Amino acid sequence: MLLASLILVPFAGSLLAALMPENARNREAWLAFAVAASGLLIAGLLYPAVSAGRVLREEFAWLPSYGLNLVLRVDGLAWVFTMLVLVIGLLVVLYARYYMSPKDPVPRFFSFLLAFMGSMLGVVLSGNLVQLVVFWELTSLTSFLLIGYWHHRADARRGARMAFTVTATGGLCLLAGVLVLGHIVGSYDLDEVLAAGSQIRSHGLYRVALVLVALGALTKSAQFPFHFWLPHAMAAPTPVSSYLHSATMVKAGVFLLVRLWPALAGTSEWNWIIGGAGVCTMLIGAFIAIFQHDLKGLLAYSTISHLGLITVLIGIGTPLAIVAAIFHILNHATFKASLFMTSGIIDHETGTRDLRVLRGLRRQLPVTAALAIVSSAAMAGVPLMNGFLSKEMFFAETALVGGDENWWMSVAAVAMGMFSVAYSLRFISIFFGIPSVAFPREPHEPPRSMRFPVELLVIVCLVVGVMPSVSIGPILHLAVTATLGARTPEYDLTPWHGLNLPLLMSVIALSGGVVLYVVLRRYFNLRQREQVPLIYRFNGAQAYESSMMVLTRSAQWLLQRLGTARLQPQLLMMLLAMLVIPPLLVGTPRAWTEITLHEPDPLFAAIWAIGCACAVAGAWMAKYHRLAALILVGGTGIVTAATFLWLSAPDLALTQLMVETVTTVLILLGLRWLPPRIEPKALHLTIPRSVWIRRSRDMLVAVVGGLAMALLTYAVLVHPAPDTIADFFLQRALSEGGGSNVVNVLLVDFRSFDTLGEVTVLSVVALTVYALLRRFRPAADSASVPAPQKNAADPASRQTPAEQADSGYLQVAGIYLRMLLPFIGVTAAYFFMRGHNLPGGGFVAGLIFAVAILVQYMLAGTVWVESHLQLRPHRWLAFGLLLACATGLGAWAFGYPFLTTHTAHVDWPLLGELHLPSAFVFDLGVFAVVVGTTMLMLVALAHQSLRAHRLPGDGLQNDGNTDGRNV
């Protein structure tokens, strides 16, 4: 369980951080620090096995027949990225402790940060491609929360929406690509996909899979043309930028490309799609970075450029290029995280990030200036820095692949190197010169603990640059061998390789970058507008906003023409679509055109005639008497229950009967909120012809739709089918499900996952109704006027003897009816206990018990019920859902798929042999959810009626409380 704990611990820490009080900044920081440190300890325990070349796997069966088991997998590449996520996360947590203001909602920040850490670890450790996509989208969601952390700022909200829209859309493309890969290989297991590279590349769907996977990776790593979202994400707090946009989230895209390199690389399509996007991104990002006036904006575009450099190496696709790509991923994370933290220190101490204002900070911030200079030198590729080594390897690969003919690749690489030197010098320039204006704050060095993460990262940049073979060599070797396997090339990490072409390219890039900065320095001083020369008209963010505006207007146009707030037109369109679209698409099944007609049973026909008469009469009486219409509609429900009994479906009959009972109570409570019906005849008006036409049309569509559904149902029932799904369940219910009641076994065993989803949706609906009713204020004219109150002091208002007799009768009846509660409770327990083998089950039992409570409310009174019965509908819901989920997790604990049920036979004294299926616990959760849902909705609605007509002395205080606390 070590691998599972790597993912579960950050999510558990996220939950704990969210529950902490607002003023507990130290405790939250220590919690996040402990989570990251524990992750590092677990990863350290895995190192001996990983360094020996082993691939560690933990697999949890979920849907094995569909190849959707939960698989956690660690090889050298995954271990290196895991360490990258945890080490940078640990340093960011320490940095954020001093960066975040006590006025900020710090629990929310650390909660989001730890949730993102868990999501990123899930991407890295996933051994199943579908599982990887799930965590991939979780990183998009949690990054959206982190980028929009300061949600009171419009730029933060805009940047969060933009980042989420682009990356989540790419995630959908990735899901489609994963499904195509699974179709080609026949499995979603990562090991099988990586081993089937030749099969994938020779398949006809290879290009489709490649494009879809590339869209997912390129959007996540902010590659052209999707690079525009990353600068807008800089509205996030600086710790978020240091973590997400240097070492984790934006690295997820290039990690995926490296991970799938054995399966997808080696074709011209791979070279042109991945390499082409990388070249464009590398040059555009570096060029725009030179002209930024915001420190974080400069770092954002430089990040885009360096990600483009990594993508170019992956697109080149040679083994040495992959080595260089992995090496630069590690180097970039160190110097870019330190630079982001440095920019946060500058902003924190001076109150501004404007490069046109910042000057001469070397005197007030000498240590920070030295750290920033070293990190910037690593970013520029200065010798004896870690960035120089991986960039020189990049130059070597571009020169080797381009050769004498495709020299443009080498030119592009040198140009990118020149641009990186120029924007690095511009970043360093803030520490020199004379301050031109007073800063918003008087700058001084930050606390040592806030500066420590930057110092540690800078030391790593120096150590790796001077002694790469000793410091980073073993770690790099783990990732390279895990990716390339037998194709791992010989490579040398020594800083000096003699006088060669890559060294010449590095010298040209360094000297050319210095010259370019000197030439443009006057431009920086004079140019005050936020405008990039040459390419300022090509604005990706503006294109995104225009696209979103077009989509919004299109949706509004469709809504105006097809949407309606009235229920009747929506039902009309649904019925027409049901009647017209299926025949047009598939036609009428020929085998069903010849339907065998059986001789009808007179008694069954009479029952249905009664049901039809009730339906027609109910529709007619709705115009005059709603209560009578409700009674008639209840008659159709009784006929439906009788039909189920006639067709040997007692479970459905029980459920239908109880649902009819609960629904009747619900409608009774809701009738009083309906506005009074005013017929035209009451106003001495004639019904317009258009109304008659509309009603006739609706009646015709309803009749035709009902007949069509009846015909379809009958055709399905009489259609001969030798091997049906019903036979499957009938044959396996007792042997595999441990019960003879096929319906109940189907719900709590074979399709228990569906049932879990259904009860979850039911709980959400109940909570939604409850939340809406909390804030509902009925209109003054929507309810009937309560009866005038009796005044004991007024002889005219005293009760008559008949009224006193009635009152006494109701009191006596209420006392006897209170005795119904234990009787109906025993009945509910009886139906619950017998459900696995005989008609019954948790759903029916829950409805029966809910009806018992409702009877008490209706007859014994609200005050008596709530003073004697401590009802907690919310707790019923929570207990039921937790119990159902615990049943599924219990199967995992024993190594079985989620929600796998087992049956035990226990011999007890006096009772004899007892049949104890684990589905019993799951059914108990269903029972609790049904009781909680019914009580929460119906009792909340009943309380609204009581609040609308509170009477003196009724036990309800008129305090304006509408939150349903009495429920």
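A few comments on the model shown:
- For the chain, lysine pairs separated by 8 or more sequence positions, or belonging to different chains, with Cα-Cα distances below 14 Å total 4.
- Dividing the Cα radius of gyration of the chain by its Kirkwood radius returns 1.05 for Rg/Rh.
- DSSP-assigned coil residues among trypsin sites (Lys or Arg not before Pro) in region 623-673, each with at most 13 further Cβ atoms within 10 Å: 623
- Kirkwood-based shape ratio for region 282-525, expressed as Rg/Rh from alpha carbons: 0.99
- The residues neighbouring residue 142, those whose beta-carbon lies less than 14 Å from its own, together hold a net charge of +1 under the Lys/Arg +1, Asp/Glu -1 convention.
- Burial ranking of peptide ranges 178-184, 59-65, 153-159, 747-753 (average Cβ count within 10 Å, highest at the top): 747-753, 178-184, 153-159, 59-65
- Degrees, to the nearest 10: 386-402 long Cα axis against longest axis of the chain: 90
- Amide hydrogen proximity for residue 903: with H placed 1.01 Å from N in the peptide plane, the residues at 5 or more positions away or on another chain lying under 5 Å are 918.
- Working from Cα pairs under 8 Å separated by at least six residues, relative contact order for the chain is 9 percent.
- ³J(HN,Hα) computed for each position of region 917-929 - Karplus, 6.51 cos²θ - 1.76 cosθ + 1.60, integer Hz, glycine/proline x: x, 5, 5, 4, 5, 4, 5, 5, x, 4, 4, 5, 5
- Karplus (6.51, -1.76, 1.60) ³J(HN,Hα), θ = phi - 60°, over region 277-292, in Hz, Gly and Pro reported as x: 4, x, 5, 4, 5, 4, 6, 5, x, 5, 5, 5, 4, 4, 9, 7
- Proxy reagent accessibility, fewest Cβ within 10 Å first, across 85, 470: 470, 85
- Region 398-446 and region 686-759: distance between their alpha carbon centers, rounded to Å: 67
- Residue-wise HN-Hα couplings along region 44-52, as the Karplus relation 6.51 cos²θ - 1.76 cosθ + 1.60 with θ = phi - 60° gives them from phi, are x, 5, 7, 4, x, 5, 5, 5, 7 Hz; Gly and Pro carry x.
- Per residue of the chain, the DSSP helices (runs of n ≥ 4 H) give a summed -39500 (n - 2.57) that works out to -22500 deg cm²/dmol at 222 nm.
- For the chain, the longest principal axis of the C-alpha atoms and the axis of helix 842-855 are separated by about 60°.
- Against the main long axis of the alpha-carbon atoms of the chain, helix 873-893 sits at an angle near 60°.
Laboratory data are not the source of any read-out in this text; all were calculated from the coordinates shown. Quick caveat: nothing in here was measured; it's all calculated off a predicted structure. Glycine gets a Cβ as well: all are built from the backbone with ideal geometry, and neighbour counts include every protein chain shown.
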